[in-house]
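The values are calculated or read from the model by the stated rules, or taken from the named source; none is laboratory data. Just so you know, these numbers come straight off a predicted model, no measurement behind them. Cβ: placed from backbone, ideal geometry, glycine included. Neighbour counts: every protein chain shown. What goes into the accessible areas is simple: the full protein's heavy atoms, side chains included, and nothing from ligands, DNA or RNA. Shrake-Rupley method; radii C 1.70, N 1.55, O 1.52, S 1.80 Å.
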Amino acid sequence: MQLYVDRFNKDLKGLEEKLPYLQNLGVNFLHLMPITTRPKGANDGGYAVNSYINVDKRFGSKTDLLRLAENMHQKKMYLMLDFVVNHTSDEFPWAKKAAAGDEKYQSYYYTYVDRMIPDEFEKSLPEVFPQSSPGNFTFNKDMNKWVMTVFNDYQWDLNYSNPEVFMEMLRYLVLLVNMGVDMVRFDALAFLWKKIGTVSQNLPEAHVLISLFRLCLQTIAPGVVLLAEAIVAPMDVLKYFGQGVTSGNECEVAYNATLMALLWNSVATKKTLLLYKNLRNLPSKPEDGTWINYVRCHDDIGLGFDDRYIYEVGWDAAGHRRFLLDYFAQKLDWSPSIGQIFMYNPTTGDGRITGSAASLLGLEKGLKTQNDKLVNEAIDKIVLLHGIILSYGGIPMIYAGDELGTINDYSYLNEKDKRSDSRWLNRPHHNWQATEAINNKGSIPGIIFNRIKSLIEIRKTRAVFADQIPPVLYEPNNSHVFVFERKSNSDKNILVACNFDEKDQLIDGSWIEALGYVQKSRLKDLVSGSQIKMNSGLLNIKPYQILWLESY
Ligand code: GLC
């Protein structure tokens, strides 16, 4: 589970108290959002770091962190923290010295006396936050120089062409893992190397640097696992597992942002065409690496699908993206979704989507309009998407609050430093009142919590869900349905079948029978714990239903 410590239960001690809640759900791995010191005002949720190792007072102390790590390890839970490897805040000691005129530290960042080089860079650099932080350079008055700031203007990009930067950052990485961290999230690692004339993402030199971090860490903390936070094109993501000379020597884990975005595409279109098209064309990842599969996280949902595939399934790429933005961001009356557009760029027409899973799936609208049908459909969709990430192969990650169907949090609009960043819509405070309702199986949070909990429980009893053999895709003749099989050498196979449509969908059952999943026209579904009957050789999948079929 990914969570904000302060928003979950006040501070590190508060989180420690609530470990039993997480254990009850079945969670055994926590990604804590940044907890180190950061600027008082805007700080990108702590991703503008004032320190890599000092715990910010609001979360507690280093002793609290060490105790939490120890307690988690006793409970057989893993801990992941961020390593914001690409940039520091403008208040980081190096940045302060640079601003005061120290040339040594100015060379830790990309600093320029005039616009000549920045202008050359800008010709090919895309903008990450075009609305709130346009451009990639910021003028610093104290220093009287321009500094590269690819993310927000208060996040200074580190200059790895200066080898001292690597050495210093390696030292921080070592100190970080020394605090009991099991997995390190390499934040924004695709941006590590910059080169005029390129987009300065995924450059070969970035891979060399990551590999160098990996190799150094290997000698002193070989048990630590690295996660690539590379939200880039599918082909580029795979490179972070290591390819060619860095093969096996970069990150062991990467976010499966492709699957995540495709699932949202299937929610809006109620079709699985683009999902299959992309998954089928994705080269397989190395055997010794795995994915983090997720439905939502603290960031936006990008629509970076390959235009070619959109055309191949028969849609116009620009029109299709427009439709997705309209569907999720309240531009279509009939859409159940209440989300917002994030960082719309009028020149390119690109935009991303933000909002909580529950609100994007219709729960907020259903509750507001007292529409029980919408509410029940939203609940089924929440379970459907979680059922997929729990069975697809890899590490399933639940975003804190989604286990209760938490809707959008609009309170960020009252906070000056957050107002321009609508990602805060989906960074809610944990609703402990709703949590009390989890024993009430009839309440909405209770239903969602217990259905997800049950999926996790089943997953834990089946070795087939481990990421040993890649999922096998099947395409039955029905564009609303997504079917894949999980195979195992030591366990029974499982066939996952889901319906993204609001109506029942039928698929031919003969091939399912041929795979050995059927007995006397009956199928065993682990999700509902019941027998499913096939009529006239057809399998009926209910609206937004997910089936985990196990052979007899
Ligand atoms: C990562 C984080 C995101 C942050 C960015 C810059 O993408 O997930 O929240 O804004 O890095 O640090």
The lysines whose Cα lies under 17 Å from the Cα of Lys194, excluding any fewer than 8 residues away in the same chain, are Lys123
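Compute for region 271-332: radius of gyration divided by Kirkwood radius, i.e. Rg/Rh, restricted to C-alpha atoms, rounded to two decimals.
On the way: Rg = 14.0 Å, Rh = 13.8 Å.
When Rh is taken as the Kirkwood radius, the ratio is 1.02.
Hey, what does the equivalent ellipsoid look like for region 104-217, semi-axes from the Cα gyration tensor as sqrt of 5 times each eigenvalue, largest first, whole Å?
Working: eigenvalues 136, 49, 39 Å².
The three semi-axes for region 104-217 are 26, 16, 14 Å.
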Summing -39500 (n - 2.57) over every DSSP H run of at least 4 in the chain, dividing by its residue total and rounding to the nearest 500, the 222 nm mean residue ellipticity is -9500 deg cm²/dmol
Taking Cα atoms, the helix 444-461 axis meets the longest principal axis of the chain at an angle in degrees (rounded to 10) of 90
The ratio Rg/Rh over the Cα atoms of region 7-47, Rh being the Kirkwood inverse mean 1/r radius, stands at 1.06
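Assuming R0 = 56 Å, what is the FRET efficiency of Val472 and Gln330, from their Cβ-Cβ distance, to the nearest 0.05?
Values: r = 38 Å, r/R0 = 0.68.
My answer for the efficiency is 0.90.
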Using the Kirkwood formula on alpha carbons, the hydrodynamic radius of region 294-400 in angstrom works out to 15.0
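Count neighbours as other Cβ atoms within 10 Å of each site's Cβ, and list the trypsin sites (Lys or Arg not before Pro) in region 74-123 that are DSSP loop with at most 15 such neighbours. Numbers along the way, then the final one.
Working: sites: Lys75, Lys76, Lys96, Lys97, Lys104, Arg115, Lys123; in loops: Lys75, Lys76, Arg115, Lys123.
Loop-located and lightly packed - Lys75, Lys76, Arg115, Lys123.
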HN-Hα couplings for region 281-286 via Karplus (6.51, -1.76, 1.60; θ = phi - 60°), in whole Hz with x for Gly/Pro, come out as 8, 8, x, 6, 7, x
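Out of every Cα pair in the chain, what percent are spaced more than 45 Å from each other?
Numbers: 20788 of 152076 pairs.
Beyond 45 Å sits 14 percent of the P(r) for the chain.
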Dimensionless Rg/Rh of region 458-514, both radii on Cα and Rh by Kirkwood, sits at 1.01
At R0 = 25 Å the Cβ-Cβ FRET efficiency linking Lys40 and Ser61, nearest 0.05, sits at 0.85
Residues of region 449-476 with backbone N under 14 Å of the label point set 7 Å from the Cα of Tyr78 along Cα→Cβ are 466-468
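Looking at this model, which pairs from Lys40/Lys75; Lys96/Lys285; Lys285/Lys381 are more than 30 angstrom apart at the alpha-carbon?
On the way: Lys40/Lys75 34 Å; Lys96/Lys285 42 Å; Lys285/Lys381 28 Å.
Beyond 30 Å between Cα atoms: Lys40/Lys75; Lys96/Lys285.
Please compute the net charge surrounding Lys373, taking Lys and Arg as +1 and Asp and Glu as -1 over other residues with Cβ under 12 Å from its Cβ. Each step should come with its number before you reach the end.
On the way: positive: Lys365; negative: Asp372, Glu377, Asp380, Glu502.
Neighbourhood net charge equals -3.
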If R0 = 45 Å, then Lys416 and Ser551, at their Cβ-Cβ distance, give a FRET efficiency to the nearest 0.05 of 0.20
Semi-axes of region 370-526 from the Cα gyration tensor (sqrt of 5 times each eigenvalue, largest first, whole Å) come to 34, 18, 17
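Percentage of Cα-Cα pair distances in region 190-291 greater than 21 Å, rounded to whole percent? List each step's numbers first, then the result.
Numbers: 2095 of 5151 pairs.
That tail contains 41 percent of the Cα-Cα pairs.
Determine the gain in length on full extension of the stretch Gln370-Met167; use 0.36 nm per residue of separation and subtract their C-alpha separation, reporting nm with one decimal.
Extra length from Gln370 to Met167 when fully extended: 67.3 nm.
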Computed for the chain: size of charge dipole around the Cα centre, +1 on C-beta of each Lys and Arg, -1 on C-beta of each Asp and Glu, debye to nearest 20, value 1180
Diffing region 93-110: the Karplus 3J(HN,Hα) column from phi (6.51, -1.76, 1.60, θ = phi - 60°), in whole Hz with x for Gly and Pro, holds x, 5, 5, 5, 5, 4, 4, 7, x, 6, 5, 4, 7, 4, 7, 7, 10, 8
Here the gain from full extension of Asn535 to Asp508, 0.36 nm per residue of separation minus their alpha-carbon distance, amounts to 8.7 nm
Diffing region 51-62: the Karplus 3J(HN,Hα) column from phi (6.51, -1.76, 1.60, θ = phi - 60°), in whole Hz with x for Gly and Pro, holds 7, 8, 10, 7, 6, 5, 3, 4, 9, x, 10, 4
If exposed means GluC sites (Glu not before Pro) lying in a DSSP loop and surrounded by at most 16 other beta carbons within 10 Å, then the longest stretch of the chain lacking such sites spans residues 1-286
Bounding extents of region 16-110 in its principal axis frame from Cα atoms, largest first in Å, are 53, 22, 22
For the chain, the per residue accessible area (1.4 Å probe, Å²) is 40
Among chymotrypsin sites (Phe, Trp or Tyr not before Pro) in region 313-416, those in a DSSP loop whose Cβ has at most 14 other Cβ atoms within 10 Å are Trp334
Here, trypsin sites (Lys or Arg not before Pro) of region 454-519 satisfying both criteria (DSSP loop; at most 13 other Cβ within 10 Å) are Lys503
